[in-house]
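The values are calculated or read from the model by the stated rules, or taken from the named source; none is laboratory data. A quick note: this is a predicted structure, and the numbers were derived from the prediction, not measured. Backbone-built Cβ (ideal geometry, glycine too); neighbour counts: all protein chains shown. To get the accessible areas, we keep the full protein, side chains included, count just its heavy atoms, and leave off ligands, DNA and RNA. Shrake-Rupley method; radii C 1.70, N 1.55, O 1.52, S 1.80 Å.
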Amino acid sequence: LKAYSGFSASNYLTMPYNADYDFGTDNFYIGFWILVSPTGGVTMFVYSRSDGVWSGAAISIDIGAAENKLRFFVSDDGFATQDFVTSSKAIDDGTWHNCWCIRRGDQLEFWIDGRLDVTTSIVEAVGSLSNASATTTIGIRPDLATNPLVNGSLSIMRIGKGAPSAAQIRKMYDDERYLFNAGAKCLL
């Protein structure tokens, strides 16, 4: 099992444009395990232009500075307008949490530790979430190289088209959570 941490302005993960992340108006998911202690205002994932100009489709996951809760944003116009959902509870308790950010139809969903946490309707970002100018960045906000995921680790991140069912999310959580116990001896 591998976890990525130590994010900074010079230490993060990035991937150039990948057509597989052009979700259009289809369902999509981003799932990951996260361990974070109180930090406030950090970024985990951004799919957008990385040259300092927000335009076109964008997807972002961060932890808000004030509440230490996860936030999942989507925009089809460079964040001129956006839809977002904020988790109902803070996850900065120093334990590993399994999180899923899903666009399912006209809803944004947040799942934490195998359970649906909160949903919201999409009213602004109803257009395509495809962007041929987008890069994917993990661990920092790419436009200004700010808000690195300090005091945190990410593991088993997955991104794709479609929307896993409640039973699938629960099974993945139940199967994977044992991997995060100290000295775990597990095989998936």
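This table checks each residue for (1) modelled with pLDDT under 90; (2) within 17 Å of the chain's Cα centre (by Cα); (3) surrounded by 18 or more Cβ atoms within 10 Å (Cβ to Cβ); (4) closer than 16 Å to Gly127 by Cβ.
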| site | (1), (2), (3), (4) |
| --- | --- |
| Asn27 | no, yes, no, yes |
| Gly31 | no, yes, yes, no |
| Val36 | yes, yes, yes, no |
| Val42 | yes, yes, yes, no |
| Phe45 | yes, yes, yes, no |
| Ala65 | yes, yes, no, no |
| Ser75 | no, yes, yes, yes |
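From (1) open to solvent by 70 Å² or more (accessible area, probe 1.4 Å); (2) over 15 Å from the mean Cα position of the chain (by Cα); (3) not polar (S, T, N, Q), pick out the condition that doesn't hold for Tyr4.
Result: Tyr4 passes all but (2).
Conditions (1) farther than 30 Å from Cys186 by Cβ; (2) in a strand (DSSP E or B); (3) in contact (Cβ under 8 Å) with a residue 24 or more places away in the chain, marked per residue:
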| residue | (1), (2), (3) |
| --- | --- |
| Leu1 | no, no, yes |
| Tyr4 | no, yes, yes |
| Thr14 | yes, yes, yes |
| Tyr17 | yes, no, yes |
| Gly24 | yes, no, yes |
| Tyr29 | no, yes, yes |
| Phe32 | no, yes, yes |
| Val46 | yes, yes, yes |
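One residue is enough: does segment 174-187 have a residue meeting the conditions at positive phi, free of Cβ contacts under 8 Å to residues at least 60 places away in the same chain and either of a type in the set (Asp, Glu) or surrounded by fewer than 19 Cβ atoms within 10 Å (Cβ to Cβ) (or both)?
yes
Anything in segment 52-63 that is within 18 Å of Ser130 (Cβ to Cβ) and at pLDDT below 80? List them, or say none.
Matches in segment 52-63: Val53, Trp54, Ser55.
Pull up segment 70-88, narrow it to residues that are touching a Lys or Arg at 6+ places or on another chain (Cβ under 7 Å) and without any contact (Cβ under 8 Å) to a residue 40 or more places away in the chain, then point me to the one that is nearest to Met172 (Cα to Cα).
Taking the candidates together, the pick is Ser87.
On the given criteria, is Arg115 over 12 Å from the mean Cα position of the chain (by Cα) and either of a type in the set (S, T, N, Q) or farther than 28 Å from Thr14 by Cβ (or both)?
yes
For segment 84-137: of the residues being surrounded by 22 or more Cβ atoms within 10 Å (Cβ to Cβ) and of a type in the set (Val, Ile, Thr), which is modelled with the lowest pLDDT?
For segment 84-137, the residue satisfying everything is Thr137.
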